[in-house]
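Readers should treat all values here as calculations from the given coordinates under stated rules, not as data from a laboratory. None of the values given here were measured: they were computed from a predicted structure. Note that we place each Cβ from the backbone using ideal geometry, even for glycine, and neighbour counts take in every protein chain shown.
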Amino acid sequence: MKKGNVLLAVKGLRVAVAGNEILKGVDVTIRDGEVHAIMGPNGSGKSTLAQVLAGHPAYTVLAGTVTYQGKNVLDMKPEERARAGVFLAFQYPVEIRGITNSYFLRSALNALRRERGEAELDPIDFLQFLEQKLKAIGLDDSMMNRPVNEGFSGGEKKRNEILQLAVLEPRLAILDETDSGLDIDALKTVAQAVNQLRNPERAFLIVTHYQRLLNYITPDVVHVLADGRIVKSGGPELAQELEARGYDWLRDGVMVS
Amino acid sequence: MAVKTGSVERLVGSYHAWASNGASRAPAWLTELRAGGIARFGDLGFPNMKQEAWRFTSVAPIAEGTFALAKAPTRVPTLDDIRPFLLLEAGPRLVFVDGFFQRSLSTPFLDDVQSLAHVVTHRQDLVRQHLGQYVATQDRPFAALNTAFVSDGAFVHVPAKATIAEPIQLLFLATGNQVVTHPRNLIVIEREARAAIVETYASLAQDVYWTNAVTEISAGDGARVDFHRVQRESSRAYHVAATQTHQGRDSTVNFHAVAFGGALARHDIGAVMAGPGGRLILNGLYLLDGAQHADHHTTIDHAADHCDSHEYFNGVLDGRSRGVFTGRIIVRPGAQKTDSKQTNNNLLLSGEAHADSQPQLEIYADDVKCTHGSTVGPLDPRALFYLCSRGVGEDDARRLLTYGFAAEILGRMEVAPLRAQLDAIVRGRLAQP
Ligand SMILES: Nc1ncnc2c1ncn2[C@@H]1O[C@H](COP(=O)(O)OP(=O)(O)OP(=O)(O)O)[C@@H](O)[C@H]1O
Ligand SMILES: [Mg+2]
């Protein structure tokens, strides 16, 4: 299979938060159309990596580079990254009081459309567009007139992240534990949605604790992040090995790539 | 704060001049009510900040100012003049200018939506039965003063089992400078009757004046009232008001209060749940800027069992403005199965804005559910990042989140055309497209 162009290149990335170094030199290269999974123990820095890629201001980059579509992403504001096609499905989606889901989605979509020089969608056109997306990922519209994530169950919040992914159609989708807290049916729905969105032009970086999700979404590469470093990368079989053996065998200075 | 007694004496003096002149033809019971009001005000004087209920609000600008009792306007505004302040195109409407009823701008409905002055003579027994029965003046100098000067205001009466289909508009417009008005409104919704009402205070110019309003609302057994209060006074005005509701068994009151205006605004909202099974939503928003000061002092009195009260107040404070919220909840002995919920959230948009929030729960029954919570702070940085991560620019994200803070309150209004009008006003204030 012909390899795609490099979409994202993370090199020697070191990141601190609140004065503590969390990422201690991370290298990841993702090409167009690839699906990468990142696994690793709690607190190893998976969300930190995801948040830094999205541009969260609380994280300080100490060293290293992040290049996306050939551009230095670290110089870009979060909204500029989003408009360039970077999307993060949050591990802990945020509640937004008073703003309905559909209003929020339309504001976000129109911000992207403005960037691309496309006409903004009015509420009626947007509703039609939204209906299609809801149908495609098997969600009903009952959540659309409720304030964003407010009072949503854990699973509803995660599915809502996937809906945003489907609406905003990014080039690089980072999913931070979107599978956590989902029941079996919801997990399948999410996996199906991701598989539908998979195409040669769109790459995924999927943070997960469970091999279960990877049964439905077959990754091209699996990385293990431990204590701020990628300690091992491999194919889909690595996920199965981790499921069986845990992480301890990787920690004792074993650095394999 | 030193209150000059001179201003109290001046007001008492102006009462006597007024009472012996134009107001002298009133029926005896009304004269008596007024006399009681002025006596009470004379005893109490203006409140000061040593008093618990006035801890955060100084009324010095009112007490030390000189406000003449408003006279009938020499130039009555036209319908075009008032149109910007009408939230509904059609329906029953009562318009008052400087406290005086304007028949030419109004569309009364039978004797049921009328000026109070009119019904004081035409429906004396009904008015007498209700007027002054709900609002407490004992420890409230401003309500006492309003009672002393009772002469006109809005009167709404919905007979038992009747429904007034269209929302009723009550508009109080100020045109004078350095004057005081004492609008007095009486709303009586009888057993199983329904009505929606919007009461607006606004001004045609950015004048300095003082509005001292009182509204009493009685909701009979099984009645439902959707009451909206919109305070859009001049940004240099002083607005003091008391609104008191009284609910019978199984009645519903949805009370929405939105405050945009006034240099200094104080609104006492009182609700008495007198019969079992009552439901109350008390839903408020204050949007302040510059040096505005708004104080909402709410008291919900659960006097009967099995009543629900849900209170939500949001404040959006910019500039050097200050918002004060007091949420007093009283659950009387025997008011079992009370379900009461209170939240007050304050959004500070500038480093100099300030909010004080104080819940006061007094619970004398044991089988009740009472929760309360309040927040004061800037925009949630997590929400801001969340929006930006979806491609929304930072300024747009700030505006959107700020709007959401207000929209949360407006979203509880069930009368769609009113909600839409208020939404447009809020968007205008917050520059939200
Ligand atoms: N804003 C912050 N302030 C202080 N410490 C932080 C902050 N964000 C992350 N950390 C710390 O950085 C470390 C890595 O956190 P991170 O969320 O990246 O871990 P993770 O690999 O995603 O863990 P999990 O699997 O539990 O989600 C943790 O020790 C965490 O406490
Ligand atoms: Mg994490």
GNM on chain B, Cα springs under 10 Å; top mean-square fluctuation among B:ARG83, B:ARG128, B:ARG249 goes to B:ARG83
Taking the number of other C-beta atoms within 10 Å as the exposure measure, put B:THR200, B:THR371 in order starting with the fewest. B:THR371, B:THR200
Alpha-carbon centroid distance for the pair region B:139-161 / region A:1-75, whole angstrom: 67 Å
Can you say what percent of the DSSP beta bridges in region B:1-275, counting only those with both residues inside, are antiparallel? Round to 5. 10 percent
For B:ILE425, A:ILE38, what ranking results if the residue with the fewest other Cβ atoms within 10 Å of its Cβ goes first? B:ILE425, A:ILE38
As an exercise, use a Förster radius of 25 Å and the Cβ-Cβ distance of B:LEU79 and B:ALA424 to find the FRET efficiency, rounded to the nearest 0.05. 0.80
Taking neighbour counts of Cβ atoms within 10 Å as a proxy for exposure, in what order, fewest first, do B:CYS388, B:CYS307, B:CYS370 appear? B:CYS370, B:CYS388, B:CYS307
Difference of contour (0.36 nm per residue) and Cα-Cα distance, A:GLN132 to A:ASN5: 42.7 nm
Residue by residue through B:378-387, how many Cβ atoms from other chains fall within 10 Å of the Cβ on average? 6
Residue among A:ALA54, A:ALA111, A:ALA239 with the largest mean-square fluctuation in a Gaussian network model of chain A, springs linking Cα atoms under 10 Å: A:ALA111
Using the alpha-carbon atoms, what tilt in degrees (0 to 90, nearest 10) does helix A:123-136 show relative to the longest principal axis of chain A? 50 degrees
Roughly how many whole Å is it from the C-alpha centroid of region A:137-201 to that of region B:175-210? 49 Å
Mean separation of Cα contacts under 8 Å, 6 or more apart, over the residue count of chain B: relative contact order %: 9 percent
Highest GNM mean-square fluctuation, chain B, Cα pairs closer than 10 Å: which of B:TYR312, B:TYR403, B:TYR201? B:TYR403
For every helix of n ≥ 4 consecutive DSSP H residues, a contribution of -39,500 (n - 2.57) applies; sum these over the protein assembly as shown, divide by its total residues, and give [θ] at 222 nm rounded to the nearest 500 deg cm²/dmol. -8500 deg cm²/dmol
Whichever lysines have a C-alpha closer than 20 Å to that of B:LYS341, once near sequence neighbours (fewer than 8 apart) are set aside: B:LYS369
PRE reach from A:ASP141 (point 7 Å along Cα→Cβ): which of region A:87-114 fall under 20 Å by backbone N? A:99-110
Looks like region B:1-275, by Cα gyration tensor root eigenvalues a ≥ b ≥ c and the a/c under 1.5 rounded cutoff (else prolate when a/b is bigger than b/c, oblate otherwise), is rounded
If you take each beta carbon of peptide A:107-113 and count the beta carbons of other chains within 10 angstrom, what is the mean? 5
Using only alpha carbon pairs under 8 Å that are at least six residues apart, calculate the relative contact order of chain A and give it in whole percent. 26 percent
Run down the lysines and flag those whose C-alpha is under 30 Å from the C-alpha of A:LYS3, throwing out any fewer than 8 positions away in its chain. A:LYS11, A:LYS24, A:LYS46, A:LYS71, A:LYS77, A:LYS133, A:LYS188, A:LYS232
Give me the lysines in straight-line cross-link reach of B:LYS71: C-alpha distance below 26 Å, same-chain residues under 8 apart excluded. B:LYS4
Peptide-level mean, for A:86-93, of C-beta atoms on other protein chains within 10 Å: 2
